[in-house]
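Trainee: One structure, pasted below without further comment.
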Amino acid sequence: MTRLFAFALCLCAGFSSTAMAEGRERIGYGLLFTNDLIGDTKDRWRTGSVASSRVWADGWNAVAPEGFGDLLEFRFNGEVIAPKDLSRPAAQDRPFAGALSFGLHTHFKPALVEYAVGADLIVTGAQTGLDDFQDHIHDIVGERNIARAVRRNQVDNAFRPSGVLEAGRTFEMARARIRPFVEARGGVENLVRAGADITIGSLMRDELLVREPVTGQRYRVVREDKPGLALILGGDIAYVDSSDYLPARSGITVRRGRTRLRGGAHWEGPRGGSLFYGVTWLGEEFDQQNGGQVVGSVQFRLLF
């Protein structure tokens, strides 16, 4: 795991140098934590993740630039996926999976439609060290550790290239903004998705928001600092062709339809401190899954 973090730091440093050499400056940063312990409090399935974005561009004019590649986002994601019971999983439950991803994305708006396009290298398996990390967290909170059989049967070590394309358009309706979107993902999961996000309130207008892959929550990356409150609602449905997180050897069947529903609130105070809390209902991802789950997401900024 140390080598992976060293690789990530080198990649980020190299990307930063390249972006600066091309006349760009860092204009934004965002970090979102997601966990089921701040959702339905049950430690299972899409149990925890973190998403981090750093953005470089030649300034920010309240809207993404027109050209492909003019704004660059370096993205890091880490995720732990687990069976319902880590010590004695059911025969037909999903395998444990740890995943770290490093990607380069761009956001642009040539006309009325906003695009987000990117590629990621997703590292999976025991080589990520996320099974050990999960055990460490469980030791702290007094939860059960991962059984040896679960470790042996986890998603295998691999380096999986993946790509994503999203297109959306925002419509203004009084104090609300409605943004329908479509998305296609290929690589570790092959799917197409359609949905919409609704924002009510003045906050988050003229900002760059990045979609977190597990929940679909959009977190603030390039900000317009002003106090306010915004309520968000959203949802989407997907057709899933295949998922490396649900391999055929596990004896489970990928559910072709996948649904997400989400809501939350963004708040920013007069001195620049901000907080977001959102909840997302994730529908079943495989046929043998006995129900959906609720996860919570948090983003905050403290100023001293």
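We did not get these values from a lab; they are worked out from the coordinates using the rules stated. Model, not experiment: these values are computed from the prediction. Note that each Cβ is placed from the backbone with ideal geometry, even for glycine, and that neighbours are counted across all protein chains shown.
Trainee: How many angstrom lie between the Cα centre of region 128-177 and the Cα centre of region 186-253?
Mentor: Here the answer is 14 Å between Cα centres.
Trainee: Follow-up question, since we're still on this one. Region 34-116: which chymotrypsin sites (Phe, Trp or Tyr not before Pro) are DSSP loop and have at most 14 other beta-carbon atoms within 10 angstrom?
Mentor: Filter output for region 34-116: PHE68.
Trainee: So, one more: What is the helix-to-structure angle for 130-141, meaning the angle in degrees between its Cα long axis and the longest Cα principal axis of the chain, kept from 0 to 90 and rounded to the nearest 10?
Mentor: So the helix axis and the longest Cα principal axis differ by about 90 degrees.
Trainee: Could you pull the Cα extents of region 155-304 along its three principal axes, largest to smallest, in whole Å?
Mentor: 54, 36, 30
Trainee: Just to confirm the filter: which trypsin sites (Lys or Arg not before Pro) across region 74-168 are DSSP coil and have at most 14 other Cβ within 10 angstrom of their Cβ?
Mentor: Here the sparse-neighbourhood loop sites are ARG144.
Trainee: Mind listing the Cα extents of the chain along all three principal axes, in Å, largest one first?
Mentor: For the chain, the Cα extents along the three principal axes come out at 53, 42, 41 Å.
Trainee: To continue, here is another question. Using R₀ = 22 Å, calculate the FRET efficiency as 1/(1 + (r/R₀)^6) where r is the Cβ-Cβ separation of ALA62 and ALA265; round to 0.05.
Mentor: Efficiency computed from Cβ-Cβ geometry: 0.45.
Trainee: Tell me the label-point distance for the pair TYR29, ALA167, using the 7 Å Cα-to-Cβ offset, in nm and rounded to one decimal.
Mentor: 3.5 nm
Trainee: Right, next: Whole-Hz ³J(HN,Hα) for each residue in region 214-227, computed from phi via Karplus 6.51 cos²θ - 1.76 cosθ + 1.60 with θ = phi - 60°, x for glycine and proline: what do you get?
Mentor: 6, 9, x, 4, 9, 10, 6, 10, 9, 10, 10, 5, 7, x
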